[in-house]
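Heads up: the structure comes next, in structure tokens.
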């Protein structure tokens, strides 16, 4: 386990801003959503942020600016390490739980998925209750709804249509939090993310995001591939809005609640692919369709975002086209840097 340096003092809690002076723990904090949460925490005058990440999906580069402030500690460790979790929760006022596997990874390695998203989450929540953490904000997912029967989907929709291990484990996390709240008074909010996209998406490894695969194909002069006929819809939300929702869940005087975190707008995969082709200047490539995949073949996603607006004062702010342009710019910059690095190694 490697730990980068950060302040060791315990700051006094100050009034006004509910995050000012707080010590915060972010699991999975070097990853896609977690690193954006860290960035936004630093704008709220927190005393210190500790990140636990095993670097399977995370990357130190996602935290480069945050680490430079001297208020962020990056612990390269695993949430399955109970001793590590205990030690870090002991020094935290607020915990953001983002560590998880992707849905396809859960299907491929179900035992690992249970250890990471089931057992490790229990260990974390138990430690949070024992050390009287002020609030836990946990990443849940729209996957718990499965093939929903009514739209837009409200938070009180029955979760019984889900048939994925990933969705089941996210629902298990919500149930554990509800139980710890009932038994020990642990304050929490669970955020059901819909289709999150934006800078710092996973770009390497076996379980990359579909938008990343599309950009790679378009850059190679190949059409983006849609599994299914492309009529499937999703409710997309920019990762920076998702991070803002996490902070809103801490700042709002709420507990024992779940929230849909989405834009409240549905977009078909065919429209999404066409928009990406236009942004990248390759409308000529068209779209390729293939047989729908076996994992999570959801045909429609559309969230009712009323509760988040009314109770968290949260609404998504970044339009899809602007967010996609930012994603393309970031991806191109990353690809260019990696290309230069490969050239330097070869020379």
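Here are the numbers for the structure shown:
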item: Per-selection metrics, the chain (Cα): Rg and Dmax in Å; result: 19.8, 62
item: Alpha carbon centroid spacing (whole Å) that separates region 261-322 from region 144-215; result: 16 Å
item: Enclosed volume per residue, in Å³, of the convex hull spanned by Cα atoms of region 145-214; result: 149 Å³
item: q = 0.19, 0.20, 0.22 Å⁻¹: log10 I(q)/I(0) that the Debye formula gives for region 21-155, counting C-alpha atoms only; result: -1.08, -1.16, -1.32
item: Contact order relative to length of region 74-164, as percent, for alpha carbon pairs under 8 angstrom and 6 or more apart; result: 32 percent
item: Helix 269-279 vs. the chain, principal-axis angle (Cα, 0 to 90°, nearest 10); result: 80 degrees
item: Residue-span extension gain [residue 111 to residue 299] - 0.36 nm each, minus C-alpha spacing; result: 64.9 nm
item: Among 94, 218, 261: highest mean-square fluctuation, GNM of the chain, C-alpha pairs under 10 Å; result: 218
item: Theoretical gain in end-to-end length, residue 217 to residue 82 [0.36 nm per residue, Cα-Cα removed]; result: 44.5 nm
item: For the chain, built as a Gaussian network whose Cα springs stay under 10 Å, the top-fluctuating residue of 266, 155, 182; result: 182
item: Rounded to 10°, Cα long-axis angle of helix 165-184 versus longest principal axis of the chain; result: 20 degrees
item: Relative contact order [Cα under 8 Å, 6+ residues apart], the chain, whole percent; result: 16 percent
item: Computed E for residue 283/residue 315 - FRET, C-beta separation, R0 35 angstrom, nearest 0.05; result: 0.65
item: Sum of -39500 (n - 2.57) over DSSP H runs of 4+, divided by residues of the chain (222 nm, nearest 500); result: -12000 deg cm²/dmol
item: FRET efficiency, residue 333 to residue 204 (Cβ-Cβ, R0 25 Å, nearest 0.05); result: 0.95
item: Relative pair counts by distance (%), Cα atoms of region 242-316, 5 Å bins; result: 3, 13, 17, 15, 13, 14, 11, 9, 4, 1, 0
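Quick note: the coordinates plus some simple rules give every number you see, no bench work behind them. Here the structure is a predicted model, which is why all the values come from computation and not from measurement. Here Cβ is always computed from backbone atoms with ideal geometry, including for glycine, and neighbour counts include all displayed protein chains.
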